[in-house]
Each structure stands twice: as C-alpha cells, then as structure tokens.
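One structure below.
Bear in mind that the values in this text are calculations on the coordinates, not laboratory data. All of these numbers come straight from a predicted model, not from anything done at the bench. Glycine also receives a Cβ, built like all others from the backbone with ideal geometry; neighbour counts cover every protein chain displayed.
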Amino acid sequence: MTVSYTLKVANARFGGFSKLLFRWKGSIYKLLYKEFIVFVLLYGTLSVIYRHLLNVDQKRLFAKVAEYCNRSTDLIPLSFVLGFYVTLIVNRWWAQYTSIPLPDQLMCVISSNVHGKDDKGRILRRTLIRYANLSSVLILRSVSARVLKRFPTMDHLVEAGFMTQDERKKYESHHSDFNKYWIPCVWFTNLAAQARREGRIRDDVALRLLIDELNLYRSKCSMLFHYDWISIPLVYTQVVTIAVYSFFALCVIGRQFLQPVDPSQNKTMTKKDEDLDLYVPLPTLLQFFFYAGWLKVAEQIINPFGEDDDDFETNKLIDRNLQVSLLSVDDMYQNLPPTVKDKYWNESTAQPPYTMATVAETLKPSFMGSTFDMRMSDDPEQSQQVEASPSMSRIQTPLLNRFLTAAASPAVSLKNFGKGSWIQHPQLLRLRTEGTFPSSSPSFYRREDPEAVGRIDEEDMEDGETRLSETSSPSSHLKVPHKNTNAENLRKELPSITVVELPDEISISDQPSN
C-alpha cells in the first residue's frame, strides 16, 4: 500500500520532519539496510586485517594503495551522474501516474448524452462504460504485477464481470501478435454509432464529444503500454550503477584510518600526539547512506507498477473506477435533487459561516493587490493628468531623443543619382522647394516634430522632374556628380541654396550663400 504522510507535514513545526525519520514502512532504512550492512562488514574486515595481520612493510604498501584509492574517488562525477539520473526517473514516475486512465470525464459525457430510462437505455450506458473499464484492466494486466496476480486469465475477467462469455469469444477470435487492449474501445465506438442511429444520442455533436473523450481515455492506455515498453536506456542505468558501486569499492580501501610508520625504527608509531585514529568512518557511512540511498530510490520508482511500498495501488484504482462509473451512468442518470432557491437568494454578498476554530481568519483583510496599500506622494502636482504629445517623449528622454534626431536627419541623397540619362540634360533637373527655406528663423531648427526629417520625393519620372521637400536639418546638403552638369545653372535655379563646385562633384547646401 502506498505510504502517505501528507497530513503529517501539513503544518511546518519544530521536529515535523524529524518524526518521519522513525517510520519503517516505505523508509530508506528498509530499502537500504542490506547494502549498508554489507558495506560495513567489508570495511570492518579490511580494517581488522590491516591493524592485526599485516607487518610493517605490508602496512606501508597498504597505505600507498589506500591513498591512491582515496585520490581516485575524486575522478568519479558521482553527484552529477546520479542526480541527473534520479531527476529523470522521478519525472518519468509522475508522468506514468498521470497516464493511468480514469473514467470520470467519459462517464459524465455518457450520462448526459446517451438517453433512455428504459432497460435498453440502461444496458447501453452500462455497456459503454464497462467497455472502457475493460480496456483499462487489460492494459493494467500487461504492465502491473499486482493486477496480473488478481486477474491471471481471461476467465477471471469474466467472473469479475468486466466481460461476458460472448465478448470473451469475440475477443479471442481476433488474432493479433500485439496487445489487444484496444478491442473494447472499438466495440465502444461501434455501439455509440448504433445508439446515434437509434436516436439514443440525439445529435452528431454529442456523438463527436463522446468519441473524443473515448480517444483521450484510449490514449492514456496507450501511453501506459509505451512507458512499459520503452524504458530508460539500459546503458544509462548501467553507467549510474557502476559509478556508485565503484565509488564505494574505492572508499572501502581509501577511507581506512592509516597508522603512521616510523621508517627509522621500522615500526608502527602509536603515540598519542599522532593523527586521530577512529574505528568507525562516520562521514564515509553518511556518504554511502546518501548516494546509495539515492540509487535505491531510483531503483524503486523506475517501475511503479510493481509491489514495492510506494508503487501505485492499481487494484484499488480498478475497484474505484468501476464503482463510480457504473453509479454515474445508471443510478444517477436523470436522478436530480429538486432545484430550489439557495440560502443567499436575497443577499447581495454571500458569506458562508465560520466555526470557532476558524473565526480568526475573518479578521484578515482580503488581498487587493501588492500595491493597494502603497503610500502615494502628497504633492498634488504629481497626481495631475497631462495629455501625451510628441514633445513629451523628447522632454522625458532628452539623450535618447537627441540620438534619434541625429539619426533621423542624415545628408539628403538622391536614390540612384547619376545612373539615369537625365543627368546629361541639366534642364531636366529641376529642384523645387515648397516655399522658401526659413534659414533666417532660428525657431525653424528647434521644431519639436520628430517626423520632420529631410526626404526626397521622386515623382513624374517620365517627365524627369525631381522635387526636394523641406528638411529639418540646417546642415542638409546634396552632392551631385558634376559630369555634364553646370553649376551656374543650379545657382540660377536655386538662388537660396549654396552651390559649391568640387573636383568630382557639386555640393548643394540649404544654408544661404553669403
């Protein structure tokens, strides 16, 4: 039976866990005491041989071997290998428990969607849920030793009422080399389709819901089968086992208390001021208890369908599932208590009563949020609401806005300038400004609109016209390759723009010429 101590640790108190150390069933002592006794006997035997049966030279040789073994224990990454392995085993153990099929959802769907108070309706509902339970029993027989001992043959399943003789003959008539736990699920789907044709299931939506719940139930049965089939790779289990046993084999020799030897007198020194000599290696025994116990825990829960103290109570689960499922689809079908006004019908706020043992909980305020009681500033200006505007972001983050403004106002350039044939005709290059550059107005360059950046609008490409829009940067300039381009024509065309003729290009700036 599974050992449960949840109530014992419901409240944290002094010595709460210490009381659990004195329990025997399901304890580490019961699981490890045999290996612990073997380790102590081996250690004690070597200690007696070293202390009483070896001469000085042999003791000196044994001391060298012991020191070598003690250094070698540091080369085994026992904590890493064992810790990762046990974590993997525990996750797999819990996943197997959550994969045990429970009929609770399926029985609710059957009870609400398969109708009929007559014997035909009762038989239909009970047969559907019995097929589901039969499928789970069949899969548990193939993975759990306890269930197999309870139902060793198909005759035991017939006698227990999970299947009839006709169903057994039909089941055995289907020959397959694989596990046939899925056959009752197929019977379920066919019977549900027949109930839909007879009107016991009133619409296709209800039939779809019933089949979906059955598929979830069947998938859990399948997962149990695959967990039993696909184990953790044997090589990993072997590596962990060898690592643990080899580590403590080295500890049996390397953790011996060695007596110092006087090389001048060729005898063992036994003075009181020499190293402390203990007969019981307490740290080593604790280390064995922890590491070997860790390995035994993994050994116990790697297959939780056995007969260990903490393995799953599969037989109890079978009893529970059959009982509650038949009760829900038969006795509880359309058997409802009368619907009346509840106790709080005329009350706006429902408040259930407390007992004297729990009345102190009413004094605790309800949790309203972690910032509910935070004290705000007394300055009324800090609580004033203001409208968001583009300038606020610049005021709040001046350094970031300065960087973004600089990045948004690069030197103006024409895309693919100089690649077209229109460069050869200066009269076709007509840069127009929508208004005049307000270069004399200082406020123009301090505008807070971040969208006002220099840009080039290319339009009327067929007519060869290019328009230069206004720019917010006073340092914007345009560099034009002056091959076949006349600087005088540009100066006449744009008198408010400075045109400087360089050796290979013409630079156009929006600053006024002096």
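May I ask you to give the average projected area over all directions of the convex hull of the Cα atoms of segment 102-229, in nm² rounded to one decimal?
If I average the Cα hull's projected area over directions, I get 8.1 nm².
Place a point 7 Å from Cα of Leu191 in the direction of its Cβ. Which residues in segment 142-180 have their backbone N less than 17 Å from it?
So the set is 157-172.
Compute the length gained on full extension between Leu20 and Ser112: take 0.36 nm times their separation in residues and subtract their Cα-Cα distance, giving the result in nm to one decimal.
That works out to 28.5 nm of additional length.
Which FRET efficiency, nearest 0.05, do Ser173 and Thr2 yield, Cβ-Cβ r, R0 35 Å?
The value I calculate is 0.35.
What length, rounded to one decimal in nm, is gained on full extension from Val38 through to Leu285, with 0.36 nm per residue of separation minus their alpha-carbon distance?
87.7 nm
Put one equal scatterer on each alpha carbon of segment 137-212, apply the Debye formula with no solvent term, and list log10 I(q)/I(0) at q = 0.15, 0.28 1/Å to two decimals.
Log-scaled intensity ratios, in q order: -0.66, -1.26.
Stretched out fully, how many nm does the piece from Ser246 to Thr127 gain, at 0.36 nm a residue minus the Cα gap?
Length difference between fully extended and current span is 37.2 nm.
How far apart, in nm, are the 7 Å Cα→Cβ label points at Arg60 and Asn346?
About 10.4 nm separates the two model spin labels.
So how far apart, in nm, are the two label points at Ala95 and Asp155 if each is 7 Å from Cα heading toward Cβ?
4.0 nm
Sorted by packing (mean other beta-carbon atoms within 10 Å per residue), highest first, where do 335-342, 149-156, 252-259 land?
252-259, 149-156, 335-342
To the nearest 0.05, what FRET efficiency results for Leu363 and Asp203 with a Förster distance of 60 Å applied to their C-beta separation?
0.70
Would you mind pulling out the separation of the Cα centroids of segment 14-86 and segment 87-145, in Å?
The two parts, judged by their Cα centres, are 48 Å apart.
Any idea what the dipole of segment 102-229 comes to, in debye rounded to 20, about its Cα centre with Lys/Arg Cβ at +1 and Asp/Glu Cβ at -1?
The dipole magnitude comes to about 200 debye.
Rounded to the nearest 0.05, what FRET efficiency do Asn215 and Asn315 give with R0 = 35 Å and r taken as the Cβ-Cβ distance? Could you check?
Rounded to the nearest 0.05, the efficiency is 0.85.
Give me the Å³ per residue figure for the convex hull around the C-alpha atoms of segment 1-67.
For segment 1-67, the hull spanned by Cα atoms encloses 145 Å³ per residue.
What does the charge count near Leu41 come to, summing +1 for each Lys or Arg and -1 for each Asp or Glu among other residues with Cβ under 14 Å from its Cβ?
Taking every Cβ under 14 Å from that of Leu41, the sum is 0.
Based on the mean of other Cβ atoms within 10 Å per residue, sort peptides 220-226, 50-56, 169-175 so the most packed one is first.
220-226, 50-56, 169-175
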